Amino acid sequence: MPLLYITRKEHFNAAHQLWNPLWSDEKNLAIFGKCANPHFHGHNFDLYVCVKGQPHPETGLVMDLKQLKLIIRKQVIDDLDHQNLNLDVAWLKGTMPSIETIAVGIWNRLTPHLPEGVQLHKITLWETPNNFVEYFGE
Ligand code: NI
């Protein structure tokens with residue numbers, strides 16, 4: 001049976017600030033740039049959730065993408081959209097909400113909810129048109 005990879009794209013808007021309180025203002029600004037803005041700032045995040053599996057013989061589908069959409073929205077988007085990622089999201093509390101950290105959090109939110117025979121393969125999270133991160137669960 002062939003193994004296939006299917007992807008659902010979702011989108012959310014959220015604010016964050018990248019700031020290490022142990023560092024000086026100068027160092028924070030040097031490392032994090034605009035993401036260190038003291039009054040937070042927003043991004044339009046694009047999220048790609050890629051899962052893998054074998055197509056079911058009765059449907060030809062690895063997974064119903066409507067079902068994947070609902071899982072992503074319930075487990076991730078409803079928590080993140082229009083929120084402050086430093087303050088408002090229980091599963092990001094106490095972390096530096098970089099796209100790296102958020103991608104790992106999204107992976108951990110989604111894996112327990114996928115149907116049998118379907119595995120999460122990759123989380124891709126775009127923060128700007130030029131910057132994105134990929135996470136394979138390693
Ligand atoms: Ni930022």
Determine the per residue accessible area of the chain with all protein chains present and a 1.4 angstrom probe, expressed in square angstrom. 59
For the stretch 4-135, with the dipole built from +1 on Lys and Arg beta-carbon atoms and -1 on Asp and Glu ones, taken about the Cα centre, which of Ala103, Val51, Tyr135 lies farthest toward the positive end? Val51
Assigned charges on the beta-carbon of Lys, Arg, Asp, Glu; the stretch 4-135 dipole about Cα centre (debye): 160
Under 30 Å between alpha carbons, and skipping anything fewer than 8 positions from Lys9 in its own chain: which lysines qualify? Lys34, Lys52, Lys66, Lys69, Lys74, Lys93, Lys122
Considering only C-alpha atoms, what is the centroid distance from the stretch 22-74 to the stretch 1-17, in Å? 7
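For Thr101 and Cys50 in the same chain, what is the full-extension length gain: residue separation times 0.36 nm, less their Cα-Cα distance, in nm?
Stretched fully, the Thr101-Cys50 segment lengthens by 16.6 nm.
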Describe numerically, in nm with one decimal, the distance between label points set 7 Å from Cα along Cα→Cβ at Ile77 and at Val133. 2.1
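If r is the Cβ-Cβ distance from Asn13 to Lys66 and R0 is 22 Å, what FRET efficiency results, to the nearest 0.05? If you can, show how the numbers build up before the last one.
Working: r = 23 Å, r/R0 = 1.04.
So the FRET efficiency works out to roughly 0.45.
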Could you give me the percent of Cα pairs per 10 Å distance bin for the chain, shortest bin first, beginning at zero and ending with the bin that holds the maximum distance? 11, 40, 29, 13, 5, 1, 0
Carbon plus sulfur fraction of accessible area for the chain, probe 1.4 Å, in percent: 52
Given the Cα-Cα distance of Leu22 and Leu87 and 0.36 nm per residue of separation, how much length would full extension add, in nm? 21.5 nm
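The values are calculated or read from the model by the stated rules, or taken from the named source; none is laboratory data. These figures come from a predicted structure and were not determined experimentally. As a convention, Cβ positions derive from the backbone with ideal geometry for all residues, glycine included, and neighbour counts pool all protein chains shown. Note: areas computed on protein heavy atoms with side chains; ligands, DNA, RNA excluded. Shrake-Rupley method; radii C 1.70, N 1.55, O 1.52, S 1.80 Å.
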